[in-house]
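Please read the structure below before turning to the comments.
The values are calculated or read from the model by the stated rules, or taken from the named source; none is laboratory data. From a predicted model like this one, the values you see are computed outputs, not experimental measurements. Virtual Cβ from ideal backbone geometry, glycine too; neighbours counted across all protein chains shown. For accessibility, only protein heavy atoms count, side chains too; no ligands or nucleic acids. Shrake-Rupley method; radii C 1.70, N 1.55, O 1.52, S 1.80 Å.
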Amino acid sequence: MPALATSALNYLHETLGISTSRHEPWAGLERLPYFLRDAFDFWQLDILGHNVLLALERNPDKPSIGDIRNRLDKLRSVAGQPVVYVTQALASYERKRLIEQKVPFVVPGNQLYLPDLGLDLREYFRQRPSSADTPLSPSAQAMLTTALLRPHWAAEWHPAETATTLGYTPMTLSRAVRELVAAGLAQAHKAGRSQYLEMTYSARETWEQALPLLRSPVQRTVWTSTQTRKELPVRVAGLSALARISMLTEPRSPVFAVNRSAWQVLKADIVELPEAMPGACEWQLWNYAPTLQPGSDMVDPLSLMLSLRGSTDERVQSALDELKEQLPW
């Protein structure tokens, strides 16, 4: 059971006297689009005679209040029962907006607001803890992604070899290894003078465990009228890449990914457009190399999913679900 679920159940028991024995994981997970499964953990329980679905926030950097409301509306329509948003902390303006929009929520130890049940219990409020150090750095994320993309999965791998392939310095390698170990995703050990990492979980479980710590590799997006230059490490990305491997329609503007150093070379010969225009190209500037998958002119599937997981377009999320089924794990 997720730690947040335990905290929420204990809080509901202490404040409302709800029995913590009448709860279970929600059985409808497979009916949800990928972006909802990625955003929340789910737990079902009985609150004062009502079957309620708890949507437990997974990501430390939560979406906007509007996005939260839209996602809960989608969950409620699929589940056919009340859905309650559960998070570790809320700022005062966030509480106010959720209450104004009548969005049920629980902050364990602080507040519960369940308008459908006529409950509004306010205690003390704490600020959302800083999560600046929680997500993996771009280098650690790139190393983990590269390890997961290996043709033949093995729990043990040599991070120095991966760092060399990615062009990382020994200092960057050491920091990335510390992050992966601190996140509980791997354990480090030495064999002679070489350091190895042994993954704690299987490939699929590692990906699922790491998702709350991973971020979109896209730093910013620009538009130009220039096509790709073959001598640069450019890859087909975004909706263009997703359209190649799904039934999704090709976007009007082709999408390419390039890292920041390559972009410095590329932009010397071109002029950025102020916005998307007919015939323009969309360029995603990535905070790590978009070339993690050798032998392909596309970005890797894991980074592609991360770059698009915030999309609220159901067609995109359906295509991402299709892509997830194509992973080799």
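Charge tally around Thr6: other residues with Cβ under 13 Å, Lys/Arg +1 each, Asp/Glu -1 each, net -2. Solvent-accessible area per residue in the chain equals 49 Å², computed with a 1.4 angstrom probe and all protein chains kept.
Amide H contacts for Thr312 (H built 1.01 Å from N in the peptide plane; partners 5 or more residues away or on another chain; cut-off under 5 Å): none found. Pairs of Lys residues in the chain, spaced 8 or more positions apart or belonging to different chains, with C-alpha separations under 22 angstrom: 7 in total. Using 0.36 nm per residue and subtracting the Cα-Cα separation, the extra length available between Ser202 and Gln101 on full extension is 32.3 nm. Give me the percent of the accessible area of the chain that comes from carbon and sulfur atoms, probe 1.4 Å, all protein chains in place. That fraction is 50 percent.
Model label sites at Val78 and Trp223, defined 7 Å from Cα along the beta-carbon direction, differ in position by 3.2 nm. Taken along the Cα-to-beta-carbon direction at a fixed 7 Å, the label points for Arg175 and Asp313 span 3.5 nm. Close amide H partners of Ala55, meaning residues 5 or more places away or on another chain with modelled amide H under 5 Å apart, are Val84, Tyr85, Val86. For the chain, what is the mean residue ellipticity at 222 nm derived from helices alone (per DSSP H run of n ≥ 4: -39500 (n - 2.57); sum divided by total residues; nearest 500 deg cm²/dmol)? Roughly -10500 deg cm²/dmol at 222 nm, from the helical runs in the chain. Between Leu16 and Ser261, full extension at 0.36 nm per residue minus the direct alpha carbon distance yields a gain of 82.6 nm.
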